[in-house]
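The values are calculated or read from the model by the stated rules, or taken from the named source; none is laboratory data. Everything numeric here is computed off the predicted structure, so don't read it as measured data. Counting neighbours? That spans all protein chains shown, and the Cβs are built from the backbone with ideal geometry, glycine included. These accessible areas exclude ligands, DNA and RNA; they are computed on the full protein's heavy atoms, side chains included. Shrake-Rupley method; radii C 1.70, N 1.55, O 1.52, S 1.80 Å.
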Amino acid sequence: MKKLFFVIISTIFFSFTSFAQNGVIKGRVFNSINNESVPLANIYIDSTQIGVTSDFDGNYRLEKLEPGT
């Protein structure tokens, strides 16, 4: 019974810590001269295949990033 309890607790602990490892980068792409948003701009992380396109308000969000990305 003690082993089963330990396995269940350790599984829950490791699943929560694995969720905590992912990061998010979010922001807004805008023209620095007149502060207008830049819609449909491509945002990507160099040397990876991770990227998104900004929405019509210039907002973007990169999710589920590994640490150090």
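Which residue is nearest to the chain's Cα centre (by Cα), if the candidates are limited to region 20-37 and must be under 27 Å from residue 68 (Cβ atoms) and open to solvent by less than 50 Å² (accessible area, probe 1.4 Å)? Walk me through how you get there before you give the answer.
The first filter runs over region 20-37 and keeps only residues under 27 Å from residue 68 (Cβ atoms), leaving 20-29.
If we keep only those that are open to solvent by less than 50 Å² (accessible area, probe 1.4 Å) as well, we get 23, 27, 29.
Details: 23: 4, 27: 12, 29: 17 Å.
That would be 23.
Could you please give the count of residues in region 48-62 that are within 27 Å of residue 31 (Cβ to Cβ) and open to solvent by 100 Å² or more (accessible area, probe 1.4 Å)? Result for region 48-62: 2. Could we say that residue 40 is of a type in the set (A, V, I, L, M, F, W, C), at pLDDT 90 or above, open to solvent by 50 Å² or more (accessible area, probe 1.4 Å) and touching a strand residue (DSSP E or B) at 6+ places or on another chain (Cβ under 6 Å) here? Taking the combined requirement at face value, the residue satisfies it.
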